[in-house]
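**Q** This is the structure, below, for whatever I ask next.
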Amino acid sequence: MALSYVDPLTTRYATKPMLEQFSEETRMILWRKLWVALAESEKELGLNITDEQINELKAHITDINFDVAKAREKVCRHDVMAYVYAYGQQCPKAEPIIHLGATSCYVTDNSDAIIYHDALVMVKNKLINVMDKLAKFAKEYAGLPTLGYTHLQPAQLVTVGKRAALWLQDLLFDYEEIEHLISNTRLRGVKGTTGTQASFLELFDGDHEKVKKLNTLVVKKMGFDKTFALSGQTYTRKYDYNILSGLSQIAQSAYKFANDVRILQSFKEIEEPFEKNQIGSSAMAYKRNPMRSERICSLARYTMSLPINAAHTAATQWMERTLDDSANRRLVMAQAFLSIDAILEIYMNVVDGMVVYDKIINKRVMAELPFMSTEVILMECVKAGGDRQFLHERIRVHSMEAAMQVKREGKDNDLIERIKGDEAFAAIKDRIDDILDPKNFIGRAKEQTLEFIEEEINPILKANASVLGAQGVVNV
């Protein structure tokens with residue numbers, strides 16, 4: 001094992017259920033179910049296929065003889081025909097009717113579409129759990145004032161909960177996109193070699209209605225009701241691009257969240273979980289690096305790079321198809337899902353254990369608030385009878401002096417003390433401390449946060465209550 005390359009998504013990051021979803025066994029069981037569905041449907045529509053043959057196929061859906069198939073593929077260099085051969089070895093009576101009228105993409109494309117659908121459901125369930133945890137965090141800190149940042153420079157105050165609600169809103173848009181992809185899952189159906197259904201029309205002696213019925217029956221037996229109206233040999237690879245774009249959107253949202261956490265942790269305002277025996281640096285023993293958030297960003301960057309790959313595949317499918325999509329899709333599609341699986345697992349873990357240092361947050365707020373409060377002080381002093389232009393000039397002078405003291409001498413911001421000591425502001429001197437309450441500067445941040453969760457998030461959480469309660473696990 002140590003002498004060969006292993007995919008880190010398999011050994012370090014993705015979870016067992018998602019790895020199983022993209023396993024060879026899952027794929028091959030679907031192939032066999034598709035062959036059974038095809039044989040059953042062809043029999044129902046009048047072809048000479050017996051119950052004995054179908055029962056034989058059903059008896060060997062899950063006990064796949066991989067060794068036989070892999071040995072055969074080395075001879076025939078065709079994976080589908082190798083597995084048709086292996087199935088036939090187990091089902092000698094049904095062997096003549098396995099894959100009857102079908103092309104390889106009957107099993108490959110249909111099984112892929114089902115795998116992606118089921119994987120999207122798994123992604124959706126994890127996404128909902130992240131949203132649930134983030135909603136609880138946002139509610140808890142909905143009214144805690146904190147510095148807002150534009151251009152990464154201190155700006156007007158927001159709240160810790162409002163910032164979390166912005167992360168949550170991004171996930172809401174991602175949820176809606178994933179829901180759309182799931183509800184619009186389409187199978188390739190029964191289309192034949194170049195999508196014309198010519199082989200099936202031949203099997204049914206030119207009966208178009210039976211061929212149409214065959215397509216409907218097979219898709220329903222596999223648990224779906226939508227198919228691509230048209231296909232070449234493959235379904236359009238734009239479908240894959242759309243799926244990867246949906247996963248990329250989740251990666252973008254997670255990246256934004258994790259980047260913000262990394263910055264806030266450097267400010268000592270918020271900290272991701274840090275375990276008792278965790279080591280932050282091999283040299284600097286005191287360090288508490290945000291390794292979880294950094295891992296989210298790392299995996300998200302990779303995931304975000306994948307849709308352009310699928311775009312090239314979709315654009316270069318010559319005529320009815322070319323095979324240069326095959327090896328590419330085996331890599332890209334699985335790795336996108338495995339990456340998102342890991343990202344959401346870590347996201348859950350971070351939010352579950354995120355620590356808020358409210359005293360540090362307040363200290364940083366109070367270091368900047370004097371500058372932000374000057375307009376309110378100015379307005380209140382004018383309302384008490386002061387001259388707006390004169391007061392504005394006094395505040396400007398005091399602000400410049402206080403700023404220089406902070407920047408050049410490293411001292412605390414004493415702007416408020418300067419204003420209190422200036423007789424020009426005597427009329428409101430006793431009210432200045434009340435004016436400086438940070439909660440006076442957060443606008444409707446708290447209300448916006450609570451209203452958003454109540455109106456847009458809670459209905460989703462309620463509708464998906466059965467999948468809530470997952471805990472994010474970081475393996476390494």
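The values are calculated or read from the model by the stated rules, or taken from the named source; none is laboratory data. Since the structure is predicted, the reported quantities are computational estimates derived from the model, not experimental observations. Here Cβ is always computed from backbone atoms with ideal geometry, including for glycine, and neighbour counts include all displayed protein chains.
**Q** Could you check segment 325-424 for helices (runs of 4 or more DSSP H) lying wholly inside it with 3 or more residues that are outside the structural domain of residue 234 (by TED's automatic domain parsing) and in contact with a helix residue (DSSP H, G or I) (Cβ under 8 Å, 6 or more places away or on another chain)?
**A** Qualifying helices (runs of 4 or more DSSP H): 358-383, 388-409, 415-420.
Here is a yes/no grid of residues against (1) touching a helix residue (DSSP H, G or I) at 6+ places or on another chain (Cβ under 6 Å); (2) of a type in the set (Ser, Thr, Tyr):
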residue	(1), (2)
227	yes, yes
230	no, no
234	yes, yes
243	yes, no
247	yes, no
250	yes, no
254	yes, no
264	no, no
271	yes, no
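**Q** Related question: When you look at residue 33, is it in contact (Cβ under 8 Å) with a residue 12 or more places away in the chain, part of a helix (DSSP H, G or I) and either in contact with an Asp or Glu (Cβ under 8 Å, 6 or more places away or on another chain) or under 29 Å from residue 210 (Cβ atoms) (or both), yes or no?
**A** Here the answer is yes, as residue 33 does meet what is asked.
**Q** A further question on this structure: Tally the residues that are surrounded by 13 or more Cβ atoms within 10 Å (Cβ to Cβ) and over 14 Å from residue 95 (Cα atoms), restricting the search to segment 45-65.
**A** Summing the residues that are surrounded by 13 or more Cβ atoms within 10 Å (Cβ to Cβ) and over 14 Å from residue 95 (Cα atoms) in segment 45-65 gives 4.
**Q** If you don't mind, there's one more thing I want to ask. When you scan segment 50-66, do you find a residue that is at pLDDT below 95, of a type in the set (Lys, Arg) and within 38 Å of the chain's Cα centre (by Cα), even just one?
**A** No, segment 50-66 has no match at all.
**Q** If you check residue 126 against the conditions, is it more than 28 Å from residue 338 (Cα to Cα), touching a helix residue (DSSP H, G or I) at 6+ places or on another chain (Cβ under 9 Å), crowded, with 21+ Cβ neighbours inside 10 Å and not polar (S, T, N, Q)?
**A** Against the criterion (more than 28 Å from residue 338 (Cα to Cα), touching a helix residue (DSSP H, G or I) at 6+ places or on another chain (Cβ under 9 Å), crowded, with 21+ Cβ neighbours inside 10 Å and not polar (S, T, N, Q)), residue 126 does not qualify.
**Q** Can I ask one more? Of all residues in segment 386-410, which are surrounded by 12 or more Cβ atoms within 10 Å (Cβ to Cβ), over 13 Å from residue 425 (Cβ atoms) and either over 48 Å from the mean Cα position of the chain (by Cα) or aliphatic (A, V, I, L, M) (or both)?
**A** Those that are surrounded by 12 or more Cβ atoms within 10 Å (Cβ to Cβ), over 13 Å from residue 425 (Cβ atoms) and either over 48 Å from the mean Cα position of the chain (by Cα) or aliphatic (A, V, I, L, M) (or both): 401, 402, 403, 406.
**Q** Okay, next question. Residues 339, 281, 305: which one is modelled with pLDDT of 95 or more, closer than 30 Å to residue 473 by Cα and surrounded by fewer than 19 Cβ atoms within 10 Å (Cβ to Cβ)?
**A** Only one candidate qualifies: 305.
**Q** Determine the pairs where a residue that is free of Cβ contacts under 8 Å to residues at least 24 places away in the same chain, located within segment 220-242, has a partner that is surrounded by 19 or more Cβ atoms within 10 Å (Cβ to Cβ) and outside any loop (DSSP other than H, G, I, E, B) with Cβ atoms under 7 Å apart, the partner being 6 or more residues away or on another chain.
**A** Correct list of pairs: 225/219.
**Q** Return the total of residues in segment 367-378 being surrounded by fewer than 16 Cβ atoms within 10 Å (Cβ to Cβ) and either among the hydroxyl-bearing types (Ser, Thr, Tyr) or out of contact with any strand residue (DSSP E or B) (no Cβ under 9 Å at 6 or more places or on another chain) (or both).
**A** 2
**Q** Somewhere in segment 171-183, is a residue under 30 Å from the mean Cα position of the chain (by Cα) and under 17 Å from residue 259 (Cβ atoms)?
**A** Yes, some residue in segment 171-183 is under 30 Å from the mean Cα position of the chain (by Cα) and under 17 Å from residue 259 (Cβ atoms).
**Q** Using beta carbons and a limit of 8 Å, which pairs, at least six apart or on different chains, have the first residue in segment 378-404 and under 11 Å from residue 414 (Cα atoms) and touching a residue at least 12 places away in the same chain (Cβ under 8 Å) and the second one of a type in the set (D, E, K, R) and assigned to a helix (DSSP H, G or I)?
**A** Sorted first by the residue in segment 378-404, then by its partner, the pairs are 398/418; 401/418; 402/418.
**Q** Just to be sure before I move on: is residue 425 over 30 Å from residue 167 (Cα atoms) and either in contact (Cβ under 8 Å) with a residue 12 or more places away in the chain or crowded, with 17+ Cβ neighbours inside 10 Å (or both) in the structure I sent?
**A** It is true that residue 425 is over 30 Å from residue 167 (Cα atoms) and either in contact (Cβ under 8 Å) with a residue 12 or more places away in the chain or crowded, with 17+ Cβ neighbours inside 10 Å (or both).
**Q** Within segment 284-329, can you find the residues that are more than 25 Å from residue 259 (Cβ to Cβ) and among the aromatic types (Phe, Trp, Tyr)?
**A** Hit for segment 284-329 is 318, nothing else.
**Q** Scan (1) modelled with pLDDT of 95 or more; (2) not in a helix (DSSP H, G or I) for the single condition residue 287 breaks and write down its number.
**A** Result: residue 287 passes all but (1).
**Q** Going by the structure shown, is residue 114 more than 15 Å from residue 243 (Cα to Cα) and assigned to a helix (DSSP H, G or I)?
**A** Here the answer is no, as residue 114 does not meet what is asked.
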